[in-house]
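Q: Take a look at the following structure, please.
The values are calculated or read from the model by the stated rules, or taken from the named source; none is laboratory data. Keep in mind it's a predicted model, so treat the numbers as computed, not measured. We place every Cβ from the backbone using ideal geometry, glycine too, and count neighbours over all the protein chains shown. Ligands, DNA and RNA are excluded from the accessible area calculation, which covers all protein heavy atoms including side chains. Shrake-Rupley method; radii C 1.70, N 1.55, O 1.52, S 1.80 Å.
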Amino acid sequence: RRRKKRMAGVPRKLVVCDPYYARSDDEVYNGSDDNGKAKGKAESDHGNGEDDDEEAETRKKYLILERPVGTKFNAADLSLRDERHDVILLGSGPDVLYTAALLARVGRKVLVLSPREDASGCVSMSSTSSNTYKSMENQRKQSKLQQYPLSSPSLFSTDKIPFDIDINNISHLSKQQALLTPALVTNSDTQGGIRFARIGSHLDSYSHSILSVPGLGTDSTNPHHAIPVVITSAGPRSLAEYAANHLGDGYPGQDLDGNDDGNSTSLGYLHACRQINAGSGEHYLSKLFGNADSSSSTSYADSSNNNNAYQQATIRPTSAFLNKCLPLNTHVRSLMAALGMANENLSPDQTSMAAHVSNICAMTSEEGMAYPVGGPRALSHALVSVIEQCGGRVVTGVPLQELLFEEKTGKELEKSGMKTKLKMANKKKSGGDEGNTGTTDSDIPQQLGENGPKPRCRGVRLENGLEITVTAESDNSSSSSSSAVISMLGFIPTFLHLFPSEIRTTHGVPRGLAAVSERRPVMKILVGIEGSKEELNLTGADWYRLPNATLPRDELDPLTGQVKFGIIGVSSNDGNANEDRDAEDVAAAAVGEASGLSSTLDESTGSVGNTGNRGKRSKSSTASSTTTATTNSTSGKTHRTKFTSGVSWMKVSFPSAKDPSWFDRHGSITTCVVTIEADDDFVRMFDTQPKIYSIIKSGAGDMERLRERVLKDLVDNFPQLDGKILCTQVQGPLRSGLTHDPARFAIKGNRPQTPYPNLFIGGSDLTIGDSFSGSIVGGWMAANAVMGYSF
């Protein structure tokens, strides 16, 4: 009989955790303005019986959700420097806390450093910087919390309302719950007290998205006219029937299970996307295999199953797929383009087909979209509770400056065998003459260069000079890392903003990073609205305006009789750096990228300059980069990216309308988050390798004018909000990760392991951006990479 073998790196006994709301009254009411009074009020409300116990439990949950997630950073607290940390995680949001909870469960002592004031990623509107039109005090009487002790006189002061500015719509909920369970499970609940609610209701077939695509569904010559398409949980067949009734597509077959496509090209396309997406798990799992710094010309993904259709789709543009599968109906083609890339203003000719099919499968899932009850704060509080019970910490508002590294000495390299390998290589290069190698111990780290061992990442330095480090690496032979630094901030912020310039110049960055492009940063306009979702006739559905999927205009060649496919969407104003190159050529160049970044970050401006002028950038270099960013390559005309009401890409979400517990906690008030791309008044694109954006200073007038244009657009599309706006605030520009072009998926370095020992990457840059599911999977991959699990 075979004996069971314990998994490497996992302690024999795991910590049993209590639910996040099973805290003492002292913990729950700590921080109240009148702690004794609050606690006394809570005790007086306690009664006998199950109903009273349930009410007390609900009260505790609501009071916990008032507080931001994590402990606020105190510059005078030196315990962060003095305590032992096995793993340091950088970032904010449920994905970061999920990764930390997984590692805490298996015995790692974790420290989460969140740059935001709330580790859940939520933003509380500042009453001093917001534009307040009406008092929120009169809303308190409608809240069920009026009888409960509060930590401030008014629950509806603007600094108490959490705005969910990230994307926390959950697709394929059953799969996500299976991933979340190991991190959330407690002694009484496999989900740690967290519940999820489907967005929408049975009255609207659980609609979760509304797509407004210029030209779609109309015969108008006005390109801005559109008939919105409502996406529900009814599945692909329902969408195919809509296309048949309103877009001129054929009808599906009679098989109600959807196995018979009939004459419906849209249903056949959706089924093809699902077949391709079936290989996504295998593709992303393959990123845990192989060597992060392999000098082989073959990508790590190439070593996996080459018959994986999803893997092949990663380096192909979406437009070719759309034109080949949907050649006859431009409206169906435009609809599928919108479904495949709603969260980024990226046209199909620049979008990776893998991102396209993953988004389509999420949008058309029969499970619809779900949202955590209590919002991301509830989910984050549950994860932080697990982290803290396992001995970890979560600190917020941390001013990160740069990562810390330490070079290996000659003795350490000799112990690892690398010194002998280098001397043998030098001997071979010098023709076998040992006396001419010229290698000394001090030369070892420099001569190893990019293909040798990189310096070990040992922690992070804060802006106040405080250094927080992980425990020293042990000399065991285990494949797991006893210490690690995990950056969940994304590739560009990690390797261009947090990396010391001398380390990046000497040792390089992950292979292929020079071929990727950063997505244009976004602005978030937070809007507080008077009235509940029922009073305002709102659903939890997100509304999108998608010029990147604008109806194409096909043309018939009179000589050959062949159809010339029109371009789906409008050109991006900033001009994509690869717009003159075929997307497959760009991906092929990324796969064959042999070197890392050939330029270095200008520390003063956040832009990229030449390696020969480290820390400086010549005027000619600046002019060249800026001109490339703002000049159309075909017409030679310069233009500026400006938000235009009724035209520009925009997303409107109502997070409070998705949360069933919102009214009980906050009464008759609604939160709205409008997302747009940042104007050239706020960011500047540099056409470097990689293509990045620099955030520039702007005046208060520019911000105010932008706010007014956005609010006008919001009221035009949601007229029931007119006269109901209580307060607004502009957040941003905010970085949004890598753009979803083929190069993002093709480069060898897009994996959780980095060439630098102890440094790992996690989050949605590894998978699909602007996706809760993608970020959770990216965190799961990072945790497995740290533990050395490659399955």
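Q: Write down the accessible area per residue of region 638-791 in Å², having rolled a 1.4 Å probe over the full set of protein chains.
A: On the way: 4340 Å² over 154 residues.
Normalised by residue count, the accessible surface of region 638-791 is 28 Å².
Q: Put ASP722, ASP680 in order of accessible area, largest first, 1.4 Å probe: what do you get?
A: ASP722, ASP680
Q: Related question: Would you please state which residues of region 184-219 a label at VAL16 would reach in this model, taking the label point 7 Å out along Cα→Cβ and a backbone N cut-off of under 19 Å?
A: Residues 184-193 qualify, since their backbone N sits under 19 Å from the label point.
Q: Right, here's the next one. How big is the gap, in Å, between the Cα center of region 381-401 and the Cα center of region 703-738?
A: 32
Q: Another question, if that's okay. So what does HIS740 come to for accessible area, using a 1.4 Å probe and Å² rounded to 10?
A: Accessible surface of HIS740 is approximately 10 Å².
Q: Let me ask something else about it. For GLY540, list long-range residues whose amide hydrogen, built 1.01 Å from N in the peptide plane, is under 5 Å from its own amide hydrogen.
A: Amide H neighbours of GLY540, under 5 Å, 5+ apart: GLY200.
Q: Count charges around LEU203 for me, please; just the other residues with Cβ under 13 Å from its Cβ, Lys/Arg as +1, Asp/Glu as -1.
A: On the way: positive: ARG198, LYS533; negative: ASP204, GLU534.
My count for the surroundings of LEU203 gives 0.
Q: Okay, moving on. Quick one: how many Å² of LYS175 are accessible to a 1.4 Å probe, rounded to 10?
A: For LYS175, the solvent-accessible surface is approximately 140 Å².
Q: What does the highest-first list of 367-374, 230-237 look like by mean Cβ count within 10 Å?
A: Details: 367-374: 23.5, 230-237: 20.2.
Ranking the peptides 367-374, 230-237 by packing returns 367-374, 230-237.
Q: So, one more: Sort 708-721, 534-547 by packing, meaning the average of other beta carbons within 10 Å per residue, with the highest value first.
A: Output ranking for 708-721, 534-547: 534-547, 708-721.
Q: Over region 498-543, give the accessible area per residue in Å² for a 1.4 Å probe, as an integer.
A: 24
Q: Now for a separate question. Could I have the simple spin-label model distance between ARG84 and ARG67, label points 7 Å from Cα toward Cβ, reported in nm to one decimal?
A: 2.8
Q: Which entries in the list LYS160/LYS658; LYS60/LYS533; LYS61/LYS651; LYS160/LYS642 go over 29 Å, if you measure between the two C-alpha atoms of each? Write down the numbers at each step before the final one.
A: Numbers: LYS160/LYS658 18 Å; LYS60/LYS533 25 Å; LYS61/LYS651 31 Å; LYS160/LYS642 33 Å.
Check vs 29 Å cut-off fails for LYS61/LYS651; LYS160/LYS642.
Q: Can you order the peptides 656-662, 758-764 by their average number of other Cβ atoms within 10 Å per residue, highest first?
A: Those peptides, ordered most packed to least, come out 758-764, 656-662.
Q: Turning to a different aspect of this structure: Write down the accessible area per residue of region 346-388 in Å², having rolled a 1.4 Å probe over the full set of protein chains.
A: Each residue of region 346-388 exposes 15 Å² on average to a 1.4 Å probe.
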